[in-house]
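Reading through the structure tokens given below for one structure.
The values are calculated or read from the model by the stated rules, or taken from the named source; none is laboratory data. The structure presented is a predicted model; accordingly, all values stated were derived computationally and were not measured. Cβ placement follows ideal geometry from the backbone for every residue including glycine, while neighbour counts extend to all protein chains displayed. For accessibility, only protein heavy atoms count, side chains too; no ligands or nucleic acids. Shrake-Rupley method; radii C 1.70, N 1.55, O 1.52, S 1.80 Å.
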Amino acid sequence: ANAMASALKDWKQKLVCVVTCDGRIIEGKLVGHDQVQNLILQDATERLYSMEEDVEMVPLGLYVIRGDNVALVGEATNWKEDLRAEPLQSIQQQVF
């Protein structure tokens, strides 16, 4: 958790990409987070992928993502807008 908190602190006010456990891909400017990695994104956009059409960008505005639904967070980079891909499936955490 300390590594995540440190990374989130470094990424504050930067554009990040979040993959959620239910398979959504959301990017936006990280404007806040708390100790359980709930994230607040400003000017958030969801990227919807399909094999039939180019990426669809759905504006979400100010958006909160619950920490228990965060699978992956990273700094956003340049994206190919004409990329076609299957949507992500839900991500299952395995407990050993």
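If Asp68 meets every condition in (1) at pLDDT 90 or above; (2) out of contact with any Cys (no Cβ under 9 Å at 6 or more places or on another chain); (3) closer than 21 Å to Asp10 by Cα apart from one, which number is that one?
Asp68 satisfies all of (1) at pLDDT 90 or above; (2) out of contact with any Cys (no Cβ under 9 Å at 6 or more places or on another chain); (3) closer than 21 Å to Asp10 by Cα except (2).
Among the residues of segment 65-72, are any out of contact with any Ser or Thr (no Cβ under 7 Å at 6 or more places or on another chain) and open to solvent by less than 20 Å² (accessible area, probe 1.4 Å)?
Yes, segment 65-72 has at least one match.
Going through Val36, Val55 one at a time, which residue ends up being at pLDDT below 95 and touching a Leu at 6+ places or on another chain (Cβ under 7 Å)?
Going through Val36, Val55 in turn, the sole match is Val55.
Inspect all residues belonging to segment 24-43 and state whether any of them is under 10 Å from the mean Cα position of the chain (by Cα) and over 15 Å from Glu75 (Cα atoms).
Among the residues of segment 24-43, at least one is under 10 Å from the mean Cα position of the chain (by Cα) and over 15 Å from Glu75 (Cα atoms), which makes the answer yes.
Scanning segment 47-56 for residues that are of a type in the set (A, V, I, L, M) and either closer than 11 Å to Cys21 by Cα or more than 13 Å from the chain's Cα centre (by Cα) (or both), which turns out surrounded by the fewest Cβ atoms within 10 Å (Cβ to Cβ)?
Per the stated criteria, the residue is Met51.
The rows are residues; the columns are (1) hydroxyl-bearing (Ser, Thr, Tyr); (2) free of Cβ contacts under 8 Å to residues at least 60 places away in the same chain; (3) out of contact with any Pro (no Cβ under 7 Å at 6 or more places or on another chain).
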residue	(1), (2), (3)
Ala7	no, no, yes
Asp10	no, yes, yes
Val16	no, no, yes
Asp22	no, no, yes
Leu30	no, yes, yes
Asp34	no, yes, yes
Gln42	no, yes, yes
Tyr49	yes, yes, no
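Looking at Leu30, Leu62, which is the one that is of a type outside the set (D, E, K, R), open to solvent by 100 Å² or more (accessible area, probe 1.4 Å) and at pLDDT 95 or above?
The match here is Leu62.
Which residues, taken from segment 3-27, are at positive phi and open to solvent by less than 70 Å² (accessible area, probe 1.4 Å)?
Of everything in segment 3-27, just one residue is at positive phi and open to solvent by less than 70 Å² (accessible area, probe 1.4 Å), namely Gly23.
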